[in-house]
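The values are calculated or read from the model by the stated rules, or taken from the named source; none is laboratory data. What you see is a predicted model, and the numbers here were worked out from it, not measured in a lab. No Cβ is skipped: glycine too gets one built from the backbone with ideal geometry, and neighbour counts run over all protein chains shown. Remember, those area values only see protein heavy atoms, side chains included, never the ligands or the DNA or RNA. Shrake-Rupley method; radii C 1.70, N 1.55, O 1.52, S 1.80 Å.
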Amino acid sequence: MNKPIRTMSLFCLVLFLALMGNATYLQYFKASDLNESSLNKRVIESAFSRERGAILVGRDAIAESKPSDDKYKFQRVYNNPWMYAHVTGTFSYYSQTGIERTQNSVLSGDDSRLFVSRLVDLVNNSSPKGGTVELTLDPDAQKAAFEGLDKNPGLGSDVQGAVVAIEPSTGKILAMTSSPSFDPNKLASHDLGQVAELSQELNARDDQPLLNRAISTTLPPGSTFKLVTAAAALETGDYDADSMVPGGPSYTLPHTTTSIGNGGRACGTDKIPMTQALEQSCNTTFLALADELGQEKMLAQAEAFGFNDTSLEDLPGQAESVYPTEELEDSYLAQTGIGQYDVRATPLQMAMVVGGIVNDGVVMRPYLVDEVRSPDLDVLDKTSTEELSQAVGSDSAHELRKMMVSVVENGTAGVALIPGAEVGAKTGTAESCDECNNFAWFVSYAKKGDKEVAVAVMLQKVDLSNSEIAGGALAGPIAKSVMEAVID
Amino acid sequence: MSQQNSFLGFVHRRRRGAELFLVVLALVVGIGAYAAVGLGIDGEVPADIIGYGGWLAALTIACHIVVRLTAPYADPVLLPVVAALNGLGLAVIHRLDLAYETQGKAHQYAQQQLVWMTIGVGLFIATLVVLRDHRVLQRFTYTSGLAAIVLLLMPMLPFIGREVNGARIWINLGPIGLQPGEIAKVLLVIAFAGYLVLHRDALALAGRRLLFVDLPRGRDLGPILMMWLVSLGVLVFQRDLGSSLLFFGLFLTMLYVATERPGWLVVGVALFSAGAFFGYQAFGHVQARVNAWSDPFAAWETGSQQVGQSMFGMAWGGLLGRGLGQGRPDLISYAQSDFIMGAIGEELGLTGVIAVILLYGLIVERGLRAALVCRDGFGKLVATGLACVLALQVFVVIGGVTNLIPLTGLTTPFLSYGGSSLIANWVIIALLLRISDQARRPVPDLSQDSDEASDAETTQVVNLR
């Protein structure tokens, strides 16, 4: 009977190997998948009761974990919650957003860069602590942006909009706010029933307070997109700031009878210098230029600035800004020249356009996380700047800058003037449909000494009639205060 | 030389010293794990460690002494492995007790399990002391078979039978609940072995050939087939899928080993497939198990989370585990019984899981080795049956818990909380030790006066010149 017994031992061996193989698969190869499952209460609870690292702006913690005396041991606390809500996001039992989500591995202490401190924790038998994340934000600029948007009596109470400021030479995001805002503390509460209720309520609201409009909302950029059209024209080599371009009181879209005017601004009768066309935001000029340049060049220029792509890695939910890629009829193509039709941009994208122009034509990859530090605040990693693209040549960039300065000094953006600093800007007012609110845009840059900043302000909905909504008057002052906060 | 002396080639050494050493190691595992649970949860070594450790040590050492006295040639690895598993199981059950306590559901599972272990060890010792030769059991072939069927039927009786989680496999005897199926398992192995060893030639040789298989004569196969069908039918009726699977596999294995006809395996697998298909079509609870296996997370809110939670726990444990007391094994329902491997996977990691599986592998390997060297057919069959039933049980329950195969409830031998299972398994080990003692014992030397000197003389080269 020994032969069948040997066969049975082989069979048993196979059974045990299968068990060990399956356990290995489960606990090693599939472990991270399972750990990330949203149904996995155990991982959530453990993360929830860990001492999470702080999120710093300058030296101040805008998010930190404080000991609590309930079963989760630590409570996530957001200092200045409304101002930083869309950047930090929230660390709730049910989900994480913002930096809390993208930097979760560092903050929770699981990141491989924290290996040494994890090892020390293991040896000391102390519970693991999370690393600290320092952001690129400039607290003064952030405050100016937040107050300009949320605490601005001129805009009414229910304003929807966003402000982004970046440092052109590095891509550092210096300010990012979105309105309406929310209180992440309430979502991070340990009273889970209330959290679920609140998050349902916030999600149901029409004005979408959880949405980070600075990166997730795309709207027609309107006249601010004329900078891109102008850049495309300059890049052909046939134009400079003084070149004569088509002007005139109105422009009839190709193959249609629709005529678009300039709202009474001084755009001459026939040809005008390009600087004047930008100063007065002449629709006629840029409709004609877009049609003349063709879709291929317009698309290439827009994509060189970062359209049709995402570039920000530090926050979840960046929407792609859009320049249409499918072939357009000429009448639509012309409209893209003034940032209408299917052109859509996020405030961050428009700030990147300005940043590229200021930085000699080079668009830098925007980023929010400056440094990653160990729980003992040793610097573990510093984000290095990265060139995203050469959007325009240095010469064209110079011409564009000159024209933007002229827009402030002689044109529609006089409100942004800061004595003692070089300031350039472009206003925009766009409409997406007849009954909708107009959107007000304002993009600008300021340079004083070695300090530079590029700002985009977008007002999506303001409690004012459409005739009162214009980029310069409403959004301009906000941009100005942000620029002042950075360069002064 | 002794090799030349014993013409069978190899004389086993007793190795009782090695066993003692391994037993001490096993105690270190069991008591160490208990201390680690205390350290992990309360931050200090539990106050009752002396009493607990002392009792565990006393039980295990008692086993060792009895083996030394009554089965001196028995396999030296089996007892330490079992002691380690039982000790580890106790520690993990204790850990779960503490977790349930914080949730306000106080249980004394570990204490009860220690009582069961004491009874199990008592039966282990009794078996070794009373049963000096396993061949005696062959006399109880039919008695065992009958007893097994009676035991299996008991849960169906009105007053003492009890249904737990849809399976009617429990009986209440006053304050204690028993799963008679666990005990029936041992009895069935003896019954099958006793019958098969008598009829193996008839089963293998007499009969006619049909397709690939030599079908035995009905009068040879009949009784055992009846015994098997009744037990299987009872289990299916009680909705105890795990035990049904176990008994089916057991019967098939023993038939194959006894007759040495691989055709039986083919027939068995075909029958199993047909049965599984029919079961899937006919029974809602079988479908539910298969569905839960194919996607354990599909019915998370509405259905059972057991397997999914166990998988989460094991993944959370990773390679090295969270450490005893650092995980959340209490999230898995029935973590102390069927799902104890989930708890071990979470807190001791893949390392712990592999170690436990290897320990089971060792038991099975040692059992089969005893079967190989055993000199009588009955002993071979019993040892093979016991080893294979253990292997199958481990595979079915751990495979179910790790979602390798659909879940069918069974206890994890020696680890799970549960008296019947623990007692039955201790008896199984006693039987394996008895068989291996018989198998490894040197063949009684008939020439009583032979010694090395006279041997040397008989094999001396005589110079004839």
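When you count, for each residue, the other Cβ atoms within 10 Å and take the mean per peptide, how do A:319-328, A:257-266, B:304-313, B:353-362 rank with the highest first?
On the way: A:319-328: 16.8, A:257-266: 12.9, B:304-313: 24.6, B:353-362: 21.0.
Highest mean packing first, the order is B:304-313, B:353-362, A:319-328, A:257-266.
With the Cα gyration tensor of region B:354-419 in hand, convert its eigenvalues to equivalent ellipsoid semi-axes via √(5λ) and list them largest first in whole Å. Don't skip to the answer; put the middle values down first.
Numbers: eigenvalues 124, 28, 23 Å².
Each semi-axis is the square root of five times an eigenvalue, giving 25, 12, 11 Å.
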* Structure fact -> Note: A:39-45 gets an average of partner chain Cβ contacts (10 Å, Cβ to Cβ) equal to 6
* Roughly how big is the A-B contact, given as buried accessible area in Å² (both sides, 1.4 Å probe, nearest 100)? -> 3700 Å²
* Quick one: plug the Kirkwood hydrodynamic radius of the protein assembly as shown (C-alpha pairs) into Stokes-Einstein at 10 °C, 1.306 mPa s, and report D in µm²/s. => 47 µm²/s
* Cα-based Rg (one decimal) and Dmax (whole number) for chain A, in Å? -> 26.6, 109
* Take each complete run of DSSP H in chain B, measure how far its Cα atoms stretch along the helix's own axis, and keep only those covering 24 Å or more with mean Kyte-Doolittle hydropathy at least 1.0; list them. => B:16-42, B:49-70, B:78-102, B:109-130, B:180-205, B:218-237, B:241-259, B:263-282, B:340-373, B:377-401
* Structure fact -> With DSSP loop assignment and no more than 14 other C-beta atoms within 10 Å, the chymotrypsin sites (Phe, Trp or Tyr not before Pro) in region B:8-95 are B:Phe10
* **Rounded FRET efficiency, nearest 0.05, which uses the C-beta distance separating A:Tyr94 from B:Val290 and R0 of 30 Å** => 0.40
* Tilt of helix A:283-293 relative to the longest C-alpha principal axis of chain A, in degrees (0 to 90, nearest 10)? -> 70 degrees
* Asked: Can you tell me the accessible area per residue over the protein assembly as shown, all protein chains present, probe 1.4 angstrom, in square angstrom?
  -> 42 Å²
* To do: Give the accessible area for B:Leu368 in Å² (nearest 10); use a 1.4 Å probe, count only protein heavy atoms, and leave out ligands, DNA and RNA.
  => 10 Å²
* Between B:Ala299 and B:Met226, what is the FRET efficiency for a Förster distance of 41 Å, r being their Cβ-Cβ separation, to the nearest 0.05? -> 0.55
* Can you pull a Stokes-Einstein diffusion coefficient for region A:309-440 at 4 °C (1.567 mPa s), Rh from Kirkwood over Cα pairs, as a whole number of µm²/s? => 74 µm²/s
* Structure fact -> Mean other chain Cβ within 10 Å across B:301-308 is 1
* **Two-site label geometry, A:Asp242 and A:Asn124: point separation in nm, points 7 Å out along Cα→Cβ** => 6.8 nm
* Average beta carbon contacts from partner chains per residue of B:312-323, 10 Å cutoff -> 5
* Structure fact -> Rounded to the angstrom and largest first, Cα extents along the principal axes for region A:117-272 equal 78, 38, 33
* Pairwise centroid distance, computed over Cα atoms, of region B:303-319 with region A:362-398, Å -> 41 Å
* Could you tell me what percent of the accessible area of the protein assembly as shown is made up of carbon and sulfur, with a 1.4 Å probe and every protein chain present? => 57 percent
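At 222 nm, what helix-only mean residue ellipticity would chain B give, in deg cm²/dmol to the nearest 500, using -39500 (n - 2.57) for each DSSP H run of four or more?
Values: 16 runs with 309 residues, N = 465.
So the helix-based figure for chain B works out to -23000 deg cm²/dmol.
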* Could you tell me how many degrees, from 0 to 90 and to the nearest 10, lie between the Cα long axis of helix A:295-305 and the main elongation axis, the longest principal axis, of the Cα atoms of chain A? => 50 degrees
* Structure fact -> By the mean-Cβ-within-10 Å protection proxy, highest first, B:77-88, A:185-196 rank as B:77-88, A:185-196
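Return the ratio Rg/(2.2 N^0.38 Å) for chain B, where Rg is computed over Cα atoms only.
On the way: Rg = 24.0 Å, N = 465, 2.2 N^0.38 = 22.7 Å.
Dividing the Cα Rg of chain B by 2.2 N^0.38 Å gives 1.06.
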* Asked: If one takes the longest principal axis of the Cα atoms in chain A, at what angle in degrees, from 0 to 90 and to the nearest 10, does the Cα axis of helix A:139-150 lie?
  -> 70 degrees
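Which value at 222 nm does chain A reach when only helices count, each DSSP H run of 4 or more adding -39,500 (n - 2.57), with the total divided by all residues and rounded to the nearest 500 deg cm²/dmol?
My calculation for chain A gives -11000 deg cm²/dmol from helical runs alone.
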* Would you mind checking the radius of gyration and Dmax of region B:218-314 based on alpha-carbon positions, in Å? => 16.8, 53
* Give me the lysines in straight-line cross-link reach of A:Lys66: C-alpha distance below 24 Å, same-chain residues under 8 apart excluded. => A:Lys41, A:Lys129, A:Lys186
* Asked: How big is the gap, in Å, between the Cα center of region A:37-66 and the Cα center of region B:41-78?
  -> 45 Å
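Pairs A:Lys271/A:Lys297; A:Lys30/A:Lys172; A:Lys143/A:Lys448: which are spaced more than 32 Å apart, C-alpha to C-alpha? Walk me through the numbers on the way to the answer.
On the way: A:Lys271/A:Lys297 22 Å; A:Lys30/A:Lys172 37 Å; A:Lys143/A:Lys448 20 Å.
From the list (A:Lys271/A:Lys297; A:Lys30/A:Lys172; A:Lys143/A:Lys448), the Cα-Cα distance tops 32 Å for A:Lys30/A:Lys172.
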* Rounded to whole Å and sorted largest first, what semi-axes of the equivalent ellipsoid does the C-alpha gyration tensor of region B:116-246 yield via the square root of 5 times each eigenvalue? -> 30, 22, 11
* Give me D for region B:293-393 in µm² s⁻¹, whole number, from Stokes-Einstein with Rh from the Kirkwood sum over alpha-carbon pairs, 20 °C and 1.002 mPa s. => 140 µm²/s
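When every alpha-carbon pair in region A:86-135 is counted, what percent end up more than 14 Å apart? Could the numbers behind the result be given before it?
Working: 646 of 1225 pairs.
Taking all Cα-Cα pairs of region A:86-135, the fraction more than 14 Å apart is 53 percent.
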